[in-house]
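Following: one structure in structure tokens, then a few remarks.
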Amino acid sequence: MKSEKLFELASRYMPGGVSSPVRAYTPYPFFTMRAKGSRIYDVDGREYIDYCLAYGPLVLGHGNEEVKNAVSEQLEKGWLYGTPHEREIELAKKIITHYPSIEMVRYVNTGSEATMAGIRLARGFKERDKIVKIEGGFHGAHDAVLVKAGSGATTFCIPDSKGIPKNSVQNTLQVLFNDTAALTALLEKNSGEVAAVIVEPVMGNVGPIPPEEGYLSDIRKITRENDVLLILDEVITGFRLALGGAQDFYGIDADLTILGKIVGGGFPIGVLGGKREIMELVAPSGAVYQAGTFSGNPVSITAGLKTIEILERERVPQRINNLGERMRSALREIVQDSGVEGSVSGVGSMFKVFFSAGGITVRNYADALGCDKNKYMNLFHAMLSSGIFLPPSQFETNFISFAHTDEDIERSIEAYKDNLSSCC
Ligand SMILES: *Cc1c(COP(=O)(O)O)cnc(C)c1O
């Protein structure tokens, strides 16, 4: 096995053999040779239908030709200017068209960077230090939000990272998802001290957990009543659930919005956007400092623009949301028939089988932590043997892309049918 050998080597030179924690699993992760459309191919000659999709950005699947051509053309003209260029305006206009709550944007390079800047901006705008995040919510890997964080932190049972000074998280308060009473109580208790509530509209890093009916509009109302900013982290949901993200899908708005992943068309990006009166506080027009060498680079901006153009033209969200619906309803039947203790979660093009205790519906972080991770990893390996690549963690979301065909979906449903009861 070439992958096994490479992992041994990689582990010598990189912690855990990987560049980001969730990529590691036992006995060893496959190493990728190439990827195209809905497929990813490993160095040992195996082909998989990919539902991991680099954890979210690849809404068009791997190696989309139009995006590739647009980027190739841009490369001819250079790939990093360190000056303003016109496409930054074009992408900003596109974003603003689809997200009425956004009037201005600041481009950064990752979602982590965007939430870091967004939290700083909220604190600067409100002149208050405290923020509220949702338990299990993931907003990247920086100090202020690495408390009870989802994604790799949950997968590897590191809810609170070492190396973070206590005083950098003492202003990060937490509540459970889908619990408006707890949020109201917390904001009232800390009245006048909280700058913002930051929330993923659909939790995406403890598995997909959709908001319950009315939850998001309640949060909007509660934050307004308590004079607190609402930061919607749409790094996963943006341009996926709908062109206008969860804000359009659920009919809410935000004071600040974080975009990432899809908006760079598979190249590194993050976007902080929001109301003009808040955004104008960002340097150089305002006193909240933020800067970056690679920010607004023409490659990421070009790939993002082309991707959004395709999303619009092909009505991609509708197509992939329908496939998601098909997948979830089939999986619900399979779980029920198999007698396995579990439930199926998700919305739009996101789905997941949770091995939840007693087969309960997973509503929040606490419920997610009650799921059987070992059973999930059994399923993961069985599916891999069947040629299906799911994310290697109970707590990561499966994504469907525009490159996935009806046949891909049917084949994957059959694989779930074969593997779910036998492996668990
Ligand atoms: C992935 C993710 C981030 C972090 O984005 P990076 O580009 O990995 O830094 C932030 N928020 C959410 C909701 C995410 O899913």
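Every number in this text was worked out from the coordinates using simple rules, so none of it is lab data. Small disclaimer: the values here were computed from a predicted structure and weren't measured. Cβ placement follows ideal geometry from the backbone for every residue including glycine, while neighbour counts extend to all protein chains displayed.
The residues neighbouring Y41, those whose beta-carbon lies less than 11 Å from its own, together hold a net charge of 0 under the Lys/Arg +1, Asp/Glu -1 convention. Between K130, K275, K166, the residue with the greatest mean-square fluctuation in the GNM of the chain (Cα pairs under 10 Å linked by springs) is K166.
When each of the peptides 255-263, 224-232 is scored by how many other beta carbons lie within 10 Å of its residues on average, the order from highest to lowest is 255-263, 224-232.
Its relative contact order, with pairs defined as Cα atoms under 8 Å and 6+ residues apart, puts region 54-190 at 16 percent.
Under 25 °C and 0.890 mPa s, how fast does region 85-192 diffuse according to Stokes-Einstein, given a Kirkwood radius computed over C-alpha pairs? Answer in µm²/s, whole number. The calculation lands on 155 µm²/s. In this structure, the pairs whose alpha-carbon distance is over 22 Å, taken from K130/K166; K2/K352; K166/K373, are K2/K352; K166/K373. Within the straight-line cut-off of under 26 Å between alpha carbons, the lysines reachable from K5 are K36, sequence neighbours fewer than 8 places apart in one chain being disregarded. Over every Cα atom in the chain, the radius of gyration and the widest Cα-Cα span, Dmax, amount to 20.9, 60 Å.
I want the local charge near S72. Using Cβ-Cβ distances under 14 Å, sum +1 for each Lys or Arg and -1 for each Asp or Glu among the other residues. For residues surrounding S72, the net value is -1. Mean sequence separation of contacting Cα pairs (under 8 Å, at least six apart), scaled by the length of region 65-313, corresponds to a relative contact order of 30 percent. Look at the alpha carbon pairs under 8 Å that are at least 6 residues apart: their mean separation over the length of region 1-94 gives a relative contact order of 18 percent. A convex hull fitted around the alpha carbon atoms of region 65-313 yields 127 Å³ per residue. Please give the residues of region 130-162, grouped as numeric ranges, whose backbone N is less than 16 Å from a label point set 7 Å along the Cα-to-Cβ vector of E212. Output list for this probe position: 135. Counting only DSSP beta bridges with both residues in the chain, tell me the antiparallel percent, nearest 5. If I count the DSSP bridges inside the chain, around 60 percent turn out antiparallel.
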